[in-house]
Amino acid sequence: MKSQPNHPKFERTLVIIKPDGIQRTLIGEIIKRYERIGLKLVGVKMLIPTADLIEKHYTLDPEWRTKTGLKTIKSYVDKGLKPPHTDPLKITAIILKNLVNYMTKGPVIAIVWQGSHAVEIVRKITGGTEPLTSAMGTIRGDFVIDSYKMSDTDGRAVRNLVHASGSVKEANDEIDHWFNKNELFDYRHISEAMLYDVDLDGILK
Ligand code: GDP
Ligand code: MG
């Protein structure tokens, strides 16, 4: 690959296989889905996150608390239900507490994927946030039966197997948060010739 760092084929995104993904023996299945589409694994590690790592992860975007609170209120109202609070920040405080509790309970696997439109492609494979409505064929749609109703009733985070960055900016901030520069690898993957090379002159003898 010619080095043009702004080319879309260099885009990177963060995936975290959450504690439930590991406990459900889905590590291989999850990695397979991102790998077989043509993304390149450029960083990977297993760790038990601290509460601080998780809290900072979710609040890297200063708007996250407000956006998530408003989104949650809307989803209650859309279902004809009364939200637990009218203040979005109070709702997010509960969601964040539950997320910290969930994400620090066991090892997770953090992975950086690189490739053409990595962020959007990974989100497509991952599926929508709430497993009840995630499309079939996606990781969350195929392997989880959880819902906000279930998790809110039991006062816990929704178990949706994976985290995937939501935008290129979020991906860059999250990769910096989870990985040191020397834990990420620049290397050529043989399949990239077929995915990206402009001419395929090398195929015929
Ligand atoms: P994601 O990027 O698809 O994981 O979704 P978001 O970034 O919007 O939310 C991050 C996490 O917050 C999700 O994985 C959920 O655990 C939680 N969350 C987001 N929206 C809601 C909601 O409406 N209700 C509840 N209970 N949790 C939510
Ligand atoms: Mg998100």
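The values are calculated or read from the model by the stated rules, or taken from the named source; none is laboratory data. Note that this is a predicted model, so its numbers are computed, not measured. Ideal geometry is used to build each Cβ from the backbone, glycine not excepted, and the neighbour counts take in all protein chains shown.
Annotations
- The requirement of being over 18 Å from the mean Cα position of the chain (by Cα), away from ligand 2 (no atom under 14 Å from the Cβ), assigned to a helix (DSSP H, G or I) and modelled with pLDDT of 95 or more is satisfied by LYS97.
- Residue within the range 167-186 that is within 11 Å of ligand 1 (Cβ to nearest atom) and in a loop (DSSP other than H, G, I, E, B) present: yes
- Condition check for LYS45: within 16 Å of ligand 1 (Cβ to nearest atom) and of a type in the set (Lys, Arg): no
- Candidates LEU132, LEU200, LEU204: the one that is more than 9 Å from ligand 1 (Cβ to nearest atom), hydrophobic (A, V, I, L, M, F, W, C), within 23 Å of ILE95 (Cβ to Cβ) and in a loop (DSSP other than H, G, I, E, B) is LEU132.
- Residue within the range 77-90 that is touching a Ser or Thr at 6+ places or on another chain (Cβ under 7 Å), part of a loop (DSSP other than H, G, I, E, B) and in contact (Cβ under 8 Å) with a residue 40 or more places away in the chain present: no
- In the range 149-171, the residues that are over 30 Å from PHE10 (Cβ atoms) and either surrounded by 18 or more Cβ atoms within 10 Å (Cβ to Cβ) or of a type outside the set (Ser, Thr, Tyr) (or both): LYS149, MET150, SER151, ASP152, ASP154, GLY155, ARG156, ALA157, VAL158, ARG159
- The set of residues in the range 6-27 being surrounded by 17 or more Cβ atoms within 10 Å (Cβ to Cβ) and aliphatic (A, V, I, L, M) consists of LEU14, VAL15, ILE16, ILE17, ILE22, LEU26.
- In the range 110-129, the residues that are touching a Ser or Thr at 6+ places or on another chain (Cβ under 6 Å) and either free of Cβ contacts under 8 Å to residues at least 24 places away in the same chain or more than 14 Å from ligand 1 (Cβ to nearest atom) (or both): TRP113, ALA118, GLY127, GLY128
- Matching residues in the range 156-180 - criterion: being farther than 22 Å from PRO107 by Cα and over 13 Å from the mean Cα position of the chain (by Cα): LYS169
- The set of residues in the range 28-50 being in contact with a Ser or Thr (Cβ under 9 Å, 6 or more places away or on another chain) and either surrounded by fewer than 17 Cβ atoms within 10 Å (Cβ to Cβ) or assigned to a loop (DSSP other than H, G, I, E, B) (or both) consists of GLY38, LEU39, ILE48, PRO49, THR50.
- Residue check, LEU53 in contact with a Phe, Trp or Tyr (Cβ under 6 Å, 6 or more places away or on another chain), surrounded by 16 or more Cβ atoms within 10 Å (Cβ to Cβ) and at pLDDT 95 or above: no
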